[in-house]
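The values are calculated or read from the model by the stated rules, or taken from the named source; none is laboratory data. Note that the structure is predicted; figures quoted are calculated from it, not measured. Here the Cβ is made from the backbone with ideal geometry for all residues, glycine too, and neighbour counts use every protein chain on show.
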């Protein structure tokens, strides 16, 4: 894929490792100005140097953001807008899936941190960037879900358990937030019809996880990951689908799609298409994000 991305400004969240870092390298290598948004200053600065070196480009910058914090999201967007008047693509890649977390962690905003990071604050960041995306149209929003949702064919949004108040497991919290992202993609695509801003969702499959993110796991889980890795996509391969959605001219008017690698349309579960649930989710999320 040899797109010309000169004059394109692209935000990638969670850009310090894995697919986010691979996508940053690929996009910058094709001439885009890439804004890497990362939580850790140390890891972010190292990743920034790595991406500049691999892409042979200086058109890359770092903005720090903790996606679990609404104040941090607002600050990161203010920092971006103080430097840029144009935004062509935002890729919402950052996510929290911390296997060690056994009970709900409540953020400074009073939200359960998995739902906050993986859904509510993505909604917030998008809302804060929407005027700029509209002014920059044609522009694109890319959200990220998980192929693991296949194992939850009847999953719906449990509006009475958004903070894990009734019960909590990392697995359920993560997949509920990803289901919310799929619904949000479909809903936002409808709301933005006619604006020149498209919204599409990537369903990330089995991707090799860097060793550094596995260090805390017990030995039996490490062995499982080793076996899984033999069949896994590399982050670089998965990032090609991000790049395709961000750059391919054939997708200028394609919106509300759900995509597997390599660039294959897929269906979500039936509940994801329920317009009433989508609208309720929108209203609840807007309240939680304080954008009402």
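A few points about this structure:
- With respect to the conditions (1) closer than 28 Å to residue 173 by Cα; (2) in contact with a helix residue (DSSP H, G or I) (Cβ under 7 Å, 6 or more places away or on another chain); (3) not in a loop (DSSP other than H, G, I, E, B), residue 51 lacks only one, and its number is (1).
- Scanning region 190-212 for residues that are outside any loop (DSSP other than H, G, I, E, B), surrounded by fewer than 20 Cβ atoms within 10 Å (Cβ to Cβ) and at pLDDT 95 or above yields 190, 191.
- Search result, residues across region 170-196 that are touching a residue at least 60 places away in the same chain (Cβ under 8 Å) and over 17 Å from the mean Cα position of the chain (by Cα): 170, 190, 192, 193, 195, 196
- One residue from 158, 131 being at pLDDT 95 or above, more than 19 Å from the chain's Cα centre (by Cα) and more than 29 Å from residue 89 (Cβ to Cβ): 158
- Filter pass, residue 292 being in contact with a helix residue (DSSP H, G or I) (Cβ under 6 Å, 6 or more places away or on another chain), modelled with pLDDT under 85 and surrounded by fewer than 17 Cβ atoms within 10 Å (Cβ to Cβ): yes
- Within region 69-88, the residues that satisfy the criterion of being assigned to a helix (DSSP H, G or I), within 23 Å of residue 137 (Cβ to Cβ) and touching a residue at least 24 places away in the same chain (Cβ under 8 Å) are 73, 76, 77, 80, 81.
- Of the numbered criteria (1) within 29 Å of residue 134 (Cβ to Cβ); (2) assigned to a helix (DSSP H, G or I); (3) under 19 Å from the mean Cα position of the chain (by Cα), the one residue 236 fails is (1).
Here is a yes/no grid of residues against (1) closer than 20 Å to residue 81 by Cα; (2) crowded, with 20+ Cβ neighbours inside 10 Å; (3) in contact (Cβ under 8 Å) with a residue 60 or more places away in the chain; (4) in contact with a strand residue (DSSP E or B) (Cβ under 7 Å, 6 or more places away or on another chain):
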| position | (1), (2), (3), (4) |
| --- | --- |
| 3 | no, no, yes, no |
| 11 | yes, yes, yes, yes |
| 15 | yes, yes, yes, yes |
| 23 | no, yes, yes, yes |
| 26 | no, yes, yes, no |
| 35 | yes, yes, no, yes |
| 56 | no, no, no, no |
| 63 | yes, no, no, yes |
| 67 | yes, yes, no, yes |
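- Near pairs, Cβ below 9 angstrom, 6+ apart or cross-chain, from region 270-292 (on the phi > 0 side of the Ramachandran plot and in contact (Cβ under 8 Å) with a residue 60 or more places away in the chain) to any residue that is surrounded by 12 or more Cβ atoms within 10 Å (Cβ to Cβ) and in a helix (DSSP H, G or I): 290/70; 290/124
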